[in-house]
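The values are calculated or read from the model by the stated rules, or taken from the named source; none is laboratory data. This one's a predicted model, so the numbers in the text were calculated from it and none came from an experiment. Here the Cβ is made from the backbone with ideal geometry for all residues, glycine too, and neighbour counts use every protein chain on show. Accessible surface areas use protein heavy atoms only, side chains included; no ligands, DNA or RNA. Shrake-Rupley method; radii C 1.70, N 1.55, O 1.52, S 1.80 Å.
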Amino acid sequence: MLHRRELVRQLLVDRDDLLVVSGLGSATYDVAAAGDHPLNFYLWGAMGGTAMIGLGLALAQPQKRVAVLTGDGDMLMGFGSLATVGVKQPKNFAIVVLDNAHYGETGMQASHTHSGIDLVATALACRFKHARAISRIEEAADVRKLLHAGEGPILVSARISEEDVPRVLPIRDGHAIKQRFIEALNSA
């Protein structure tokens, strides 16, 4: 299994102008731990909406690469978004699911991936161009290439350990996050 912080750090190192949308809770802490960046759009709510926010951004900014980093709980809550992504076929869009098979923000109850729900098979059924599962850090370099140059839509399910890591809290003011992101997007 993967160490979540090391995986996210490797995916976001030297990221250039990659637009990153991070899901509620641990995914946002992981992205912030990899380094705060004005092109990070941190979500502090909207459980289940991360993929759709990323999709909207990818469609509005087709010349930019967009990566969603989120957890299995958020992805399962927004399960239908995979079908919408499959219909829209954004070539600049990738989703990385940090899957510990638990709902980490509410007490570590087992999620549906713990019971065998397969996000990769679902993404493939939804006509994603690339969908794969990873569980070794050596695979991070290939995922990074997909994020920066692969034809989307892309889904990577990263099997991470269940470890509890310290929270790294980025800014929490939603308006400030939005304004900073828009300013950075307009100047990029």
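Some observations on this one:
- Cβ-Cβ under 7 Å pairs, at least 6 apart or on other chains, region 148-166 side touching a residue at least 60 places away in the same chain (Cβ under 8 Å) and more than 19 Å from K88 (Cα to Cα), far side among the basic types (K, R) and assigned to a helix (DSSP H, G or I): I160/R4; V165/R4; V165/R5
- Residues that are assigned to a helix (DSSP H, G or I) and of a type in the set (S, T, N, Q), drawn from region 122-142: T122
- Top-ranked residue in region 28-42 [being surrounded by fewer than 16 Cβ atoms within 10 Å (Cβ to Cβ) and not acidic (D, E); ranked as nearest to R144 (Cα to Cα)]: G35
- Region 143-188, residues that are among the small types (G, A, S), open to solvent by less than 20 Å² (accessible area, probe 1.4 Å) and either in contact with an Asp or Glu (Cβ under 8 Å, 6 or more places away or on another chain) or part of a loop (DSSP other than H, G, I, E, B) (or both): G150, G152, S157, A158
- Going through (1) crowded, with 19+ Cβ neighbours inside 10 Å; (2) under 14 Å from L155 (Cα atoms) one by one, T84 falls short only on (1).
- Yes/no for F41 being touching a helix residue (DSSP H, G or I) at 6+ places or on another chain (Cβ under 8 Å) and at pLDDT 95 or above: yes
- Yes/no for L69 being part of a helix (DSSP H, G or I), open to solvent by less than 10 Å² (accessible area, probe 1.4 Å) and at pLDDT 95 or above: no
- Selection from region 1-18 of residues that are outside any loop (DSSP other than H, G, I, E, B), open to solvent by less than 10 Å² (accessible area, probe 1.4 Å) and farther than 14 Å from T70 by Cβ: L2
- When we screen G54, G45 for residues that are in contact (Cβ under 8 Å) with a residue 12 or more places away in the chain and either surrounded by fewer than 24 Cβ atoms within 10 Å (Cβ to Cβ) or among the aromatic types (F, W, Y) (or both), the only hit is G45.
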